[in-house]
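Right, one structure below, let's go through it.
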Amino acid sequence: MALGPLPAAAPIADDLLVFLAVARSGTYVTAADDLGMNHTTVSRRVAALEGRLGGRLLVRSPSGWELTELGRSALAEAEQVEAAVDRLRGDREAPALSGVIRLSATDGFSALVVPPAVARLRRRHPSIAVEIVTTTRRALQHRAGLDLEVVVGRPEVRRAEALWLADYRLGLYGSRAWLAEHGTPSSVAELTGAPLIYFIDSMLSVDPLDAAPRILPAMRDALTSTNVFVHVEATRGGAGLGLLPCFIADRHEDLVRLFPAVVSETLGYWLVSRREALRQPTVAAFVTELRAQVDRMREALLPPG
């Protein structure tokens with residue numbers, strides 16, 4: 001959705017920059033601190049911008065603030081305004097961003113969501129480097145050495161910001177070869193005793209991922225692993241039926257989703273960081289790209305079912 005012509009007389013560039021601060025931080029309070037305003041002023045400026053553009057830019061969901069389609073368009077325009085201001089200030093006043101960002105995230109998120117965001121960021125700021133530690137765990141209470149964490153499920157943290165990024169869906173998949181050999185089940189009841197590929201239950205510390213015993217109690221473990229790509233490849237190889245993230249499994253034409261209306265689990269990705277880290281320009285720029293990437297991937301992350 002493209003923005004229409006902007007009113008020349010309105011101070012829309014300033015309001016776009018205020019909106020950009022909110023979009024990057026995920027909260028009005030943090031944006032207000034960064035801008036040296038009070039949060040009421042920030043809220044009023046965003047509301048004024050929405051009035052000029054004729055629609056909502058941010059909507060409140062049960063999981064947090066979410067950009068609307070108009071909001072995503074406005075975000076792109078706001079970044080262009082920021083870039084133009086930086087160019088006018090000159091290189092000495094607005095140097096290119098640089099530094100190392102250290103991120104902890106799950107295997108699937110690290111492999112398929114983060115790299116496109118990093119690529120876009122480095123096209124504008126080639127001196128930024130990103131280090132990724134892949135792990136599936138609860139949010140840390142003390143995150144020394146890390147700028148950002150992406151975890152599954154709403155975290156309970158102290159002295160940190162927790163920002164909702166996106167929901168994603170788990171579904172049950174089988175390879176076409178396995179289904180041809182063993183038959184495609186016609187009901188969930190036929191899954192009794194069927195081989196399941198999923199996480200190692202005794203090593204799983206993330207409560208929202210404890211889905212298999214609840215939604216597929218009659219299946220039996222065939223292959224378990226702490227790595228989601230082992231789940232995917234084991235399912236493709238015919239070791240059993242996999243409970244897999246749809247945005248990963250749907251990339252493979254040899255996998256078939258079973259009972260999407262019945263076997264379906266919705267989980268959330270959350271970003272956790274210290275507030276002072278989110279205020280760093282390098283980290284803020286990366287978070288903006290990351291949020292934009294999950295917006296681009298929402299249909300893949302959360303297909304019907």
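Bear in mind these aren't lab numbers, they're just calculated from the coordinates by the rules spelled out. Given the structure is predicted, the values throughout are model-derived calculations rather than measurements. Virtual Cβ from ideal backbone geometry, glycine too; neighbours counted across all protein chains shown.
One table, with the values for the structure above:
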read-out	value
Rg to Rh, two decimals, where the chain supplies the alpha carbon set and Rh follows Kirkwood	1.03
The chain - mean residue ellipticity at 222 nm from DSSP helices (-39,500 (n - 2.57) per run, n ≥ 4, rounded to 500)	-11500 deg cm²/dmol
Net length gained if the chain between Ser187 and Ala76 were fully extended (0.36 nm per residue, minus Cα distance)	35.4 nm
Long-range amide H partners of Glu161 with built H, under 5 Å	Ser273, Arg274, Arg275
Charge dipole magnitude, Cβ of K and R +1, D and E -1 - region 209-305, Cα centre, debye nearest 20	320 debye
The chain: most fluctuating residue of Glu276, Glu181, Glu69 per GNM, C-alpha cutoff 10 Å	Glu181
Relative packing of peptides 217-230, 72-85 - highest average C-beta neighbours within 10 Å first	72-85, 217-230
Cα centre as origin, Lys/Arg/Asp/Glu Cβ charges: the chain dipole, Debye	520 debye
Cα long-axis angle, helix 281-296 against the chain (0 to 90 degrees, to the nearest 10)	50 degrees
On Cα atoms only, tilt of 12-25 relative to the major axis of the chain in degrees	40 degrees
